[in-house]
Amino acid sequence: MNLNSPLFRAIFNNAAPRIILEANAPDFSILDYNQEFEIATHITNRDVRGLKIIEAFPIDDNKQDGKILINGLISSLKTKQIISLSPFQYDVPSADLKSTELSWWQSEILPVTDNDEVQFLLVTTNNITEKILGKNALDESIERENKLNIALANSHEELAASNEELQTNLENLISTNEELTLSRKELQILNDELELRIQKRTQDLQSSRLLLQNIIQTTNVAMTLLKGKDLIIEHPNPPMIKIWQRKLENVVGRRITDVFPELEQQRFPKLLAEVFETGKRIAMPEVPVDISYENGEMGLIYVDFSYDPIFDKDGNVEYILATVSDITDKVLSRKKLEENESELQATTEELAASNEELSATNEELAATNEELQEAQESLFLKNEELSETEESLRLALASGNLGIYSIEPETGKFDISAKAREFYGLPERGKITWADVINTVVPQYLPVIEKARDNALLTKQPFDVQYPILHSTTNKIKWVRVVGKSIPKSNNRVARFLGVILDITPEIEYRHTLEESESRFRNMAEATDVFIAVGDETSNATYFNTSWTTLTGRSMEDLLKYGWADLIHPDDRDRYVEIYLEAFKSKSPFTGEFRILDKDGNYSWLLAKGSPRFNKNGEFAGYISSSVDISELKKDEIRKNDFIGMVSHELKTPLTAISGFVQVLHSRAKKNDDSYALTALNRTYNQVKKMTVMINGFLNVSRLESGKLLIEKSDFQLDELVRELVEESDLVQFSHKINLSVSQTIIVNADRDKIGSVVSNLLSNAVKYSPSGTDIDVRCEILDGNALVSITDDGIGIDKEDIDKLFNRYYRVGKHHTISGFGIGLYLSSEIIERHNGKIGVESEIGKGSTFYFKIPLA
Ligand code: ADP
């Protein structure tokens, strides 16, 4: 079908709003619509062609009605039938698109088919919003009218019901009225009876009140009636009047608080009011009451009282019967008793306290007494000391070591002891003046004395001065020391100056000699080429001579501040400083060699010898060291070592050749069965071997000296090595029996050859220095984590003084010069063991034998 055919357009554009939708569910894209549709759906300003229907007119998901159209479209598409939809709400956007407009629609869907295929859907739709809204309003007002009608009918029913109730009530009222008339009559009768009874009770009451008044008046307990809340006094009896000390006519009919205004401040009115209110009795024993008497005086009385309520015929409290018994006398006498008792108590306590105080004082007194005793004792001791001091002073003075003089500046009086006269060379007898003393003083020392005196006056310190005098009789210079003190004025003595004089000539002379010897020493030390240094007992240097300062180019001050240690060659420093510090501990002489850096940057070898110094009391005072330059000697030694090394090396080559030939000859002789040649060659071989050992020794010494002795360590079994060497030794010597004892397998990490040469050397020494036929014991064991090898002989032994030097290079014990040797075996051995961080040593007794041992760490 052609949408643009004139016929279709004419139908399409007629008055009803129409829209053509594509048959593409669920989009239902808008193909076209007419002007009426535009107006009805406010889309005159926008073209919605091509949009999905719900894009053009979005459905509000909350309102089901919108979906009615879509569902209708779907079912028309399916059924290919015209579908008329019931009115549905499908709100369309307002013309300005700012809001949606409530819209109700009535629509008809016409599926337009072609070849039985739905081509598109023509929807004719009418906006019925106004119609719907008008109908809604009508429906509402009808509903309201219906509701009103129902309510009206309901209230009708209610009214009928209440009418009925009213009828019944009226009937009830009539019957109640009748009942009331009856009961009023009954009440009248009851009332009459009651009145009669009341009359009777009033009469009873009257008579009982009279009875009460009678009782009150006749009893000897103080009583009164108080009427009403105003507490009007009625019928107080004579005992009450007596307590009150008032006349009857002055109290009766008056308020009790008017008669006794002081009661207002006390608790009674409150208690009375309580009785009126509660109707309950109140009674209290021994209550103090302040009461005023007619003369205006106040009194304190003690009472036991009770307030009893008296009721009127209606059961209200009408009166209070106040009953009072005056117990003032009783209370007062009791109080007195109590007071007396508590006073007694206090007095007892006080007594106890003063008793304690007394005993404390007593103790204090005892302590003071003891202190006094002690003080007396110490006084006694002091006294003894004092007399001793006095005695020694007197002795000192008498023995002639001290002289005394005294001057009184005020009077000029001068006294001088015989000894002092002697010191100054003054006449033994006769008058001496201060000027005579001053005259003896070497003149240039007079200002010294003057100054010392002024200073003593200023500082109030004792005066102490030394000065030389010219002894007038001997004409020799003598030195005196004067220690003096000014003694202030006392009651019976004028102020004076007291001087004690000592002859110090010997000390001064000694000091001078000392100074002289010191300067002599210095002169000598300065004049010599030897390097001289002095150190005190704490190892601090105190002096270096000029040789030192010249060599090092450092000042004495620098050298004194340990400025010498850093100049020592690093390779020698620790060793020498250790020797030096060790010597301070043992306070014995030491020697040491070291290289020292000179001012030109070259090292010089010094040989230092230190001697300990002791002061005149025999106390260690430090060291004096003298060192000489041994650089040239050292160079010689190096040359010598080099020479030995070279010679040994050269000797080894022919020796090796000899050894080779000897071995060849030996095997030939064996073949030829030449027994003489065999013996001779055996001996030759042994001698060659000895020589090889000797040459090796020298070679090693030279290597050691030049620092070329190499230690090549490996793990090996020490016990095995020792066994091999013992067996080897047994092959070349038959003079001694060697006993080997090995405790266990011992693995060490060491230079096998070098350790072997140590063992060989010790073995051959044991053989050399013990008589033939004796035993040699070799032990190999583990001790304290070290491998220990010891070789014991029953030989000649070693002197104690030799033992320390045994391991020095070329050292041999003097007496053994008949036995061949060079004194290098033990030296080499000790160096080797030291390089293995081990220790070598000897224990020996002369004539009995020696045990040489060494230990090295286990692997
Ligand atoms: P050498 O034996 O060649 O003289 P050593 O260095 O081996 O050189 O020994 C140094 C010195 O120690 C010997 O000269 C000897 O006086 C002494 N000495 C070494 N071993 C013993 C020993 N077992 N008994 C006594 N003296 C010994």
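The values are calculated or read from the model by the stated rules, or taken from the named source; none is laboratory data. Keep in mind the model is a prediction, meaning the values are calculated, not measured. Note that each Cβ is placed from the backbone with ideal geometry, even for glycine, and that neighbours are counted across all protein chains shown. When the accessible area is computed, the model is the full protein with side chains, heavy atoms only, and any ligands, DNA or RNA have been set aside. Shrake-Rupley method; radii C 1.70, N 1.55, O 1.52, S 1.80 Å.
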Worksheet entry | 0 to 90° range, to nearest 10: angle between helix 129-218 axis and the chain longest Cα axis | 90 degrees
Fill in: Nonlocal Lys pairs with alpha-carbon distance under 23 Å, the stretch 41-146 (8 or more apart, or different chains)
13
Response to the item:
So residue 280 and residue 858, fully extended at 0.36 nm per residue minus their Cα-Cα distance, gain in nm 196.6 nm
Worksheet item: Relative to the Cα centre, what is the charge dipole magnitude of the stretch 711-859, using +1 at the beta carbon of each Lys and Arg, -1 at the beta carbon of each Asp and Glu, and rounding to the nearest 20 debye?
Response: 400 debye
Response to the item:
Toy charge model, Lys and Arg Cβ at +1, Asp and Glu Cβ at -1: the chain dipole around Cα centroid in debye, rounded to 20, equals 5600 debye
Practice prompt. State whether the stretch 678-749 is rounded, prolate or oblate according to the following rule on the C-alpha gyration tensor (a ≥ b ≥ c being the square roots of its eigenvalues): a/c under 1.5 gives rounded; otherwise a/b larger than b/c gives prolate, and the remaining case gives oblate.
Written response: oblate
Discussion item. Relative contact order of the stretch 1-107, please, whole-number percent, based on alpha carbon pairs below 8 angstrom and at least 6 residues apart.
Written reply: 19 percent
Worksheet item: Calculated FRET efficiency, residue 537 and residue 687, Cβ-Cβ r, R0 60 Å, to nearest 0.05?
Response: 0.55
Worksheet, complete the sentence: For residue 578, the accessible surface traced by a 1.4 Å probe with all protein chains present amounts, in square angstrom to the nearest 10, to 120 Å²
Fill in: At R0 = 45 Å, FRET efficiency that the Cβ-Cβ distance of residue 3 and residue 136 yields, to 0.05
0.75
Fill in: Under 10 Å, Cβ to Cβ, from residue 301 - net charge with Lys/Arg +1 and Asp/Glu -1
-3
Worksheet entry | For the chain: accessible area per residue (Å², 1.4 Å) | 63 Å²
Item to complete: Using Cα positions and a limit of under 29 Å, work out the lysines in reach of residue 451, with same-chain residues fewer than 8 apart set aside.
Response: 413, 419, 431, 460, 476, 478, 485, 489
Discussion item. Please list, by residue number, everything in the stretch 806-834 whose backbone N is under 15 Å from a paramagnetic label point 7 Å out along Cα→Cβ of residue 647.
Written reply: 810, 821-824
Worksheet item: For the residue pair residue 49 and residue 359, what label-to-label distance in nm results when each label sits 7 Å from Cα along the Cα-to-beta-carbon direction?
Response: 13.5 nm
Item to complete: Using every pair of alpha-carbon atoms in the chain, split the distances into 10 Å bins beginning at 0 and state the percent of pairs per bin, rounded to integers.
Response: 2, 6, 7, 6, 5, 4, 4, 4, 5, 4, 5, 7, 10, 10, 9, 7, 3, 1, 0
Worksheet item: the stretch 413-472: which trypsin sites (Lys or Arg not before Pro) are DSSP loop and have at most 11 other beta-carbon atoms within 10 angstrom?
Response: 429, 431, 460
Practice prompt. With no solvent and one equal point scatterer placed on each C-alpha of the stretch 105-173, evaluate the Debye formula and give log10 I(q)/I(0) for q = 0.15, 0.22, 0.27 Å⁻¹, two decimals.
Written response: -0.75, -0.94, -1.06
Worksheet entry | Spin-label pair residue 712/residue 461, simplified geometry with 7 Å Cα→Cβ offset, distance in nm | 7.8 nm
Response to the item:
Rounded to a whole %, the carbon-and-sulfur portion of the accessible area of the chain at a 1.4 Å probe is 53 percent
Worksheet item: Can you give the calculated 222 nm mean residue ellipticity of the chain, where each DSSP H run of n ≥ 4 adds -39,500 (n - 2.57) and the sum is split over every residue, rounded to the nearest 500 deg cm²/dmol?
Response: -16500 deg cm²/dmol
Fill in: Solvent-accessible ranking of 842, 758, 742, largest area first, probe 1.4 Å
742, 842, 758
Worksheet item: Which value, in Å² and to the nearest 10, is the accessible area of residue 649 when all protein chains are kept and the probe is 1.4 Å?
Response: 110 Å²
Worksheet entry | Rough spin-label spacing in nm, given labels placed 7 Å along Cα→Cβ, for residue 146 and residue 158 | 2.2 nm
Fill in: Sites residue 512 and residue 376 - FRET efficiency at Förster radius 60 Å, r taken between beta-carbons, to 0.05
0.70
Item to complete: Report the extension gain between residue 411 and residue 720 in nm, rounded to one decimal, defined as 0.36 nm multiplied by the number of residues separating them, less their alpha carbon distance.
Response: 100.5 nm
Worksheet entry | All lysines inside 30 Å of residue 670 as judged from Cα atoms, apart from same-chain residues fewer than 8 positions distant | 652, 689, 690, 737
Worksheet entry | Cross-link reach list, aspartates and glutamates versus residue 313, counting only Cα pairs under 17 Å and skipping chain neighbours closer than eight places | 193, 195, 204, 277
Worksheet, complete the sentence: Length-normalised contact order of the chain, Cα under 8 Å, at least 6 apart, in percent, tallies to 4 percent
Item to complete: Count neighbours as other Cβ atoms within 10 Å of each site's Cβ, and list the trypsin sites (Lys or Arg not before Pro) in the stretch 479-566 that are DSSP loop with at most 13 such neighbours.
Response: 489, 561
Response to the item:
Checking the stretch 416-474 for GluC sites (Glu not before Pro) in a loop per DSSP with at most 14 other beta-carbon atoms within 10 Å yields 428
Item to complete: Figure the gain on full extension for residue 344 and residue 221 (residue separation times 0.36 nm, minus the Cα-Cα span) and round it to one decimal in nm.
Response: 40.6 nm
